[in-house]
Amino acid sequence: MQKIMDLASIGAIDGGGCARLALTDEDAAGRDLVVGWMHDLGLTVTTDVIGNVIGTWDVGDGLPVMTGSHIDTVRTGGKYDGNLGVLAGLEVIQTLQEASVTPPRPISVGIFTNEEGSRFAPDMLGSLVYVGGLSIEDALDIVGIDGARVGDELERIGYNGATPCPGFAPHAFVELHIEQGPVLERTDVTIGAVTGVQGISWQEVTITGQSNHAGTTPMSMRKDPSYVASKIAVFLRELADRYKGDQVCTVGKIDLFPNLINVIPAKAVLTLDVRNTDEETLSKAEREISDFILSLSRSEGVEISTRSLARFEPVIFNPEVIDIVEKVAMSKTPSVCRMPSGAGHDAQMLARVCPSAMIFVPSVEGISHNPAEFTDPEDLVMGTNILLQVLIELSNIEEFAS
Ligand code: GLV
Ligand code: MN
Ligand code: MN
């Protein structure tokens with residue numbers, strides 16, 4: 001708990017949250033603190049070319065079992081999202097060391113770069129590059145919302161490491177994370193054994209119209225990007241209502257230019273975040289949205305261009321690892337359920353190269369990406385104890401069946 005609070009004091013914002021956008025000075029200070037803790041535990045620490053930091057407790061034989069997560073946050077983030085997974089990994093190692101218990105394999109804890117994707121898209125960038133899903137050259141060239149380039153920012157904060165990517169494929173990967181949604185709390189369940197992660201589609205839409213006087217321009221003569229942006233936002237909401245089930249859609253960012261009360265904007269730039277657990281439904285939603293955008297550009301006389309910022313298909317975790325998470329959790333509490341993740345996670349990338357799964361603990365009122373994010377310390381302890389046991393069980397497995 002002290003480590004969570006100490007890390008949360010870096011980039012602290014009103015309401016008890018954190019602003020440590022990826023590769024900012026605050027992110028760097030957070031990294032320095034956690035890397036110091038890795039050294040305190042005697043871990044071998046490497047930094048790779050995309051800035052992922054892997055701390056390994058070099059005991060036992062063979063490939064390490066890996067845990068970890070991210071310590072970057074959204075601009076209005078909480079104390080737990082990501083941070084819990086990294087700090088719980090260190091807590092597990094410290095606990096084993098203090099108890100003189102040596103696992104049969106090394107244990108690695110990863111801090112993955114830019115999981116959030118709020119500053120640089122796509123999200124899960126560090127783990128994506130780690131598993132070879134994106135070349136390092138392309139990753140370093142990504143430009144963020146403030147015009148900064150990933151490669152320049154990595155160098156500036158001193159986390160442009162030398163270890164090449166793709167990194168080694170661990171024996172297995174398990175990530176402890178807060179749920180960030182309401183399901184566990186609503187159903188009064190303490191632990192989620194996570195079965196997979198829903199698919200995600202991020203797009204940036206740029207609408208170019210004609211800037212003009214707000215008082216003199218007849219409604220019939222307008223080419224109004226703000227109206228078109230609003231239509232798109234409403235369409236997304238109604239699409240999600242129509243699809244029901246697991247469909248979620250968000251317009252989280254709208255920028256208008258010049259953004260003045262009495263000027264019809266020249267341009268609007270907005271982001272679309274569309275997610276579903278089912279790939280076919282997600283693709284159908286994308287097609288509907290793109291048809292709607294095309295028809296709007298014709299009817300409203302504006303130019304609209306779109307750019308994909310992230311596209312990841314739904315991921316199903318390894319059944320053996322899910323079983324182990326569930327079994328270990330059940331040995332500590334009867335309050336366990338299987339569930340998919342609504343949020344994106346580094347584990348979904350690691351799942352491409354090794355058997356992977358996740359452990360969820362409840363988020364009070366389902367609130368996350370918000371300074372008010374909170375998880376009961378008892379649940380954090382429960383989740384961390386389960387993580388410890390799962391890592392031991394995974395390191396005892398010689399070979400996975402799938
Ligand atoms: C990553 O945090 C996401 O937006 O799911
Ligand atoms: Mn997270
Ligand atoms: Mn997050």
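The values are calculated or read from the model by the stated rules, or taken from the named source; none is laboratory data. Computed from a predicted structure; not experimentally measured. A quick note on method: Cβ atoms are made from the backbone with ideal geometry, for glycine too, and the neighbour counts reach across all protein chains shown. Heads up: the accessible areas ignore ligands, DNA and RNA and are worked out on the full protein's heavy atoms, side chains in. Shrake-Rupley method; radii C 1.70, N 1.55, O 1.52, S 1.80 Å.
State yes or no: is A343 of a type in the set (G, A, S) and open to solvent by 10 Å² or more (accessible area, probe 1.4 Å)?
The answer is yes for A343.
Given the options D81, D152, D146, name the one that is of a type in the set (D, E), at pLDDT 95 or above, within 16 Å of ligand 2 (Cβ to nearest atom) and out of contact with any Pro (no Cβ under 8 Å at 6 or more places or on another chain).
Of the residues listed, the single one that is of a type in the set (D, E), at pLDDT 95 or above, within 16 Å of ligand 2 (Cβ to nearest atom) and out of contact with any Pro (no Cβ under 8 Å at 6 or more places or on another chain) is D81.
Which of the following residues is within 16 Å of ligand 2 (Cβ to nearest atom), open to solvent by less than 40 Å² (accessible area, probe 1.4 Å) and in the same structural domain as C354 (by TED's automatic domain parsing): T47, T73?
Result: T73 is the single residue among T47, T73 that is within 16 Å of ligand 2 (Cβ to nearest atom), open to solvent by less than 40 Å² (accessible area, probe 1.4 Å) and in the same structural domain as C354 (by TED's automatic domain parsing).
Mind checking whether some residue in the stretch 323-333 is of a type in the set (V, I, T), closer than 27 Å to P122 by Cβ and more than 16 Å from ligand 3 (Cβ to nearest atom)?
Yes: the stretch 323-333 contains one or more residues that are of a type in the set (V, I, T), closer than 27 Å to P122 by Cβ and more than 16 Å from ligand 3 (Cβ to nearest atom).
Would you tally the residues in the stretch 368-398 being touching a residue at least 60 places away in the same chain (Cβ under 8 Å), open to solvent by 10 Å² or more (accessible area, probe 1.4 Å) and closer than 22 Å to G181 by Cβ?
10
Would you pick out the residues in the stretch 184-222 that are assigned to a helix (DSSP H, G or I) and either acidic (D, E) or open to solvent by 10 Å² or more (accessible area, probe 1.4 Å) (or both)? Give the steps one after another, and end with the answer.
The initial filter retains those residues of the stretch 184-222 that are assigned to a helix (DSSP H, G or I), namely 184-187, 219-221.
E185, R186, T187, M219, S220, M221 - these are the residues of the stretch 184-222 that are assigned to a helix (DSSP H, G or I) and either acidic (D, E) or open to solvent by 10 Å² or more (accessible area, probe 1.4 Å) (or both).
Please state which one of L63, L84 is farther than 24 Å from A139 by Cα and within 16 Å of ligand 3 (Cβ to nearest atom). Walk me through how you get there before you give the answer.
Details: L63 fails: within 16 Å of ligand 3 (Cβ to nearest atom).
When all the criteria are applied, what remains is L84.
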